[in-house]
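Notes for the one structure printed next.
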Amino acid sequence: WFCMQFFLCVIGMVLFIEGFPYAAFPAKMQHWIQKVLEMPPGALRGFGLVMMLSGLLLVYIGRG
């Protein structure tokens with residue numbers, strides 16, 4: 001049961017962190033999204049891979 005509580009806590013924090021910029025700075029987020037739409041797919045894929053690997057590294061460090 002603890003693992004499920006921890007998982008839900010992590011998902012909740014991710015949703016909070018992801019949603020905060022949209023609530024706090026909606027106009028800037030629209031501008032940023034427009035810039036993302038103009039990026040080539042390869043750059044987005046590379047950015048996504050770097051973010052995924054960074055996340056895995058943080059999980060690895062955090063689980064120590």
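The values are calculated or read from the model by the stated rules, or taken from the named source; none is laboratory data. Quick caveat: nothing in here was measured; it's all calculated off a predicted structure. Here the Cβ positions follow ideal geometry from the backbone for every residue, glycine too, while neighbour counts run over all protein chains shown. Remember, those area values only see protein heavy atoms, side chains included, never the ligands or the DNA or RNA. Shrake-Rupley method; radii C 1.70, N 1.55, O 1.52, S 1.80 Å.
The table that follows gives values for the structure above.
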quantity: Rounded tilt (10° steps) of 41-63 against the dominant C-alpha axis of the chain; calculated: 20 degrees
quantity: Theoretical gain in end-to-end length, Trp32 to Leu53 [0.36 nm per residue, Cα-Cα removed]; calculated: 5.3 nm
quantity: Relative frequency of Cα-Cα separations exceeding 21 Å in the chain, percent; calculated: 45 percent
quantity: Of all accessible heavy-atom area on the chain, the percent that carbon and sulfur account for (1.4 Å); calculated: 77 percent
quantity: Exposure of Ile11 as accessible area (Å², to 10), given a probe of 1.4 Å and all protein chains; calculated: 70 Å²
quantity: Coil-residue chymotrypsin sites (Phe, Trp or Tyr not before Pro) of the chain, DSSP, other Cβ within 10 Å capped at 16; calculated: Trp1
quantity: Approximate spin-label separation Tyr22-Cys9, in nm, with each point projected 7 Å along Cα-to-Cβ; calculated: 2.5 nm
